[in-house]
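The values are calculated or read from the model by the stated rules, or taken from the named source; none is laboratory data. A quick note: this is a predicted structure, and the numbers were derived from the prediction, not measured. Cβ atoms come from the backbone with ideal geometry, glycine included; neighbour counts cover every protein chain shown.
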Amino acid sequence: MSEVNGRNGVVRVWCDGCYDMVHFGHANNLRQAKALGDYLVVGVHTDEEITQHKGPPVFTSQERYKMVRGIKWVDEVVEGAPYVTTLETLDAYECDFCVHGEKSNGPPASPRQTSWVEC
């Protein structure tokens, strides 16, 4: 890999979600996301964000953080990630691009937000 990102070619991938009732589909999504780069950063939304957009979660945010940390393809968990991924979020965590499953929280705002993986 080249040194275009200034990290000796390490490609950092961002993926986020609610991860309530973690299941095989979540793990498979994260496996595929990790395959697109070298380091996978996973943002997990807060209870408040999930309640506002989807209804109350079954598991608390602390429980969901632990579940996501237990998935072997995850290198880093961002607690309290914003519900909508922005370029500012990607920059704050030095991620090269964002991947999402078929259900996204909005249209991509840039080419760095247009990579998709199937769940």
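Observations
- Restricting the stretch 55-67 to residues that are farther than 12 Å from MET21 by Cβ and either buried (at least 18 other Cβ atoms within 10 Å of the Cβ) or touching a Cys at 6+ places or on another chain (Cβ under 8 Å) (or both), the residue that is modelled with the highest pLDDT: TYR65
- Residue match in the stretch 62-72 (condition: in contact with a Lys or Arg (Cβ under 7 Å, 6 or more places away or on another chain) and hydrophobic (A, V, I, L, M, F, W, C)): no
- Of all residues making up the stretch 9-48, the number that are more than 16 Å from ARG64 (Cα to Cα), surrounded by fewer than 23 Cβ atoms within 10 Å (Cβ to Cβ) and of a type in the set (Phe, Trp, Tyr): 1
Yes/no matrix, rows are residues, columns are (1) modelled with pLDDT under 95; (2) in a loop (DSSP other than H, G, I, E, B); (3) closer than 20 Å to TYR93 by Cβ:
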site	(1), (2), (3)
MET1	yes, yes, yes
ASN5	yes, yes, yes
ASN8	yes, yes, yes
MET21	yes, yes, no
GLY25	yes, no, no
LEU30	no, no, yes
LYS34	no, no, yes
VAL41	no, no, yes
GLU48	no, no, no
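- Candidates are the residues of the stretch 87-98 that are within 12 Å of the chain's Cα centre (by Cα) and over 13 Å from GLY17 (Cβ atoms); the one that is surrounded by the fewest Cβ atoms within 10 Å (Cβ to Cβ) is TYR93.
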